[in-house]
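The values are calculated or read from the model by the stated rules, or taken from the named source; none is laboratory data. Just so you know, these numbers come straight off a predicted model, no measurement behind them. Quick reminder, even Gly has a Cβ in these numbers, built from the backbone with ideal geometry, and neighbours come from all protein chains shown.
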Amino acid sequence: MQRFHINTLMESLAEKKAPVSSIKDEPQWFALKVSRKETLAISVMEKAGLRTYCPMAATDTTIQGKKVIVERPLIPNTVFVYAPFRQLNALKNTHPFITYCYKKVDGKFKILQVPTREMELFIDSSTKMKEDITYFHPDEVELKQGDKVKIVGGLFDGYEGTLLKAKGRAKRMFLINFEMLGAIGTHIEPQYIRVIK
């Protein structure tokens with residue numbers, strides 16, 4: 001089983017107040033920091049009728065001297081929720097362990113909102129990659145150095161991404177890059193890979 005090298009998505013995001021540049025009653029995807037309480041945060045959000053997503057990854061660990069495989073959040077301390085800002089803000093204010101994630105844009109810190117199309121691709125691809133998935137923080141990979149490829153056939157038929165050899169890894173991985181979320185990668189059989197000229 002592959003040992004996962006996962007950095008928290010929020011290392012470069014600061015906890016500062018910022019306005020949300022959207023309609024407060026229109027649902028959208030937000031990334032939330034939840035202080036190692038992913039399950040509790042999901043429960044709170046789902047009881048309020050909100051859609052949540054917390055990608056999981058199998059990883060090996062040692063418990064009482066025995067190596068076992070357990071599922072842990074792919075991006076620790078992070079839960080994604082689809083909600084109107086007004087409703088989410090009310091829930092956040094009554095549950096102090098839930099905080100917004102922020103991203104620096106043009107020198108200002110703004111609440112991290114993920115475009116719907118990007119989130120849908122992230123959910124679909126991370127679900128398909130679940131048995132062999134690695135998360136990369138935006139600062140971990142230089143995608144310009146990899147070959148642009150398209151997958152033809154198999155589970156990822158039609159997907160486009162980057163074929164990249166990451167630091168410390170013997171094999172190249174197929175990475176899907178996300179503007180807001182970094183990148184996720186998996187191994188794909190060579191016969192499915194076509195380099196985009």
request  = Could you check, for the stretch 79-89, whether at least one of its residues is polar (S, T, N, Q), within 30 Å of Ile42 (Cβ to Cβ) and assigned by TED's automatic domain parsing to the domain that holds Asp60?
outcome  = yes
request  = Select the strands (runs of 3 or more DSSP E) contained entirely in the stretch 78-133, then report the ones holding at least 3 residues which are surrounded by 15 or more Cβ atoms within 10 Å (Cβ to Cβ).
outcome  = 78-83, 108-111
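Taking the stretch 65-77 as the search range and keeping residues that are in a strand (DSSP E or B) and surrounded by 13 or more Cβ atoms within 10 Å (Cβ to Cβ), which one is modelled with the lowest pLDDT?
Here is the first cut: in the stretch 65-77, the ones in a strand (DSSP E or B) are 66-73.
Next, only the ones that are surrounded by 13 or more Cβ atoms within 10 Å (Cβ to Cβ) stay: 72-73.
Values: Arg72: 91, Pro73: 95.
Top of the filtered list is Arg72.
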task = Scan the stretch 183-195 and report the pairs whose first residue is at pLDDT 90 or above and in a helix (DSSP H, G or I) and whose second residue is crowded, with 17+ Cβ neighbours inside 10 Å and not β-branched (Val, Ile, Thr), with Cβ atoms within less than 8 Å and a gap of 6+ or a chain change.
result = Tyr192/Phe156
note = Apart from one, (1) at pLDDT 90 or above; (2) of a type outside the set (A, V, I, L, M); (3) not in a strand (DSSP E or B) all hold for Lys150; the odd one out is (3)
query = How many of the residues making up the stretch 28-55 are touching a Ser or Thr at 6+ places or on another chain (Cβ under 9 Å), more than 16 Å from Phe97 (Cβ to Cβ) and either in a loop (DSSP other than H, G, I, E, B) or modelled with pLDDT under 90 (or both)?
reply = 1
query = Looking at (1) within 17 Å of the chain's Cα centre (by Cα); (2) assigned to a loop (DSSP other than H, G, I, E, B); (3) exposed (fewer than 15 other Cβ atoms within 10 Å of the Cβ); (4) of a type outside the set (D, E, K, R), can you tell me which one Val141 breaks?
reply = (3)
ask   = What pairs come up if the first residue lies in the stretch 41-53 and is among the aromatic types (Phe, Trp, Tyr), the second is assigned to a helix (DSSP H, G or I) and modelled with pLDDT of 95 or more, and their beta carbons are under 7 Å apart, counting only those six or more places apart or on different chains?
value = Tyr53/Ile123
key: Residues being under 15 Å from Ile184 (Cα atoms) and among the basic types (Lys, Arg) - total across the stretch 52-80   = 0
task = Please name all residue pairs, on different chains or six or more residues apart, with Cβ atoms under 8 Å, provided the first residue is in the stretch 97-122 and is assigned by TED's automatic domain parsing to the domain that holds Ser43 and the second residue is in a helix (DSSP H, G or I) and of a type in the set (D, E, K, R).
result = Ile98/Lys92; Thr99/Lys92; Tyr100/Lys92
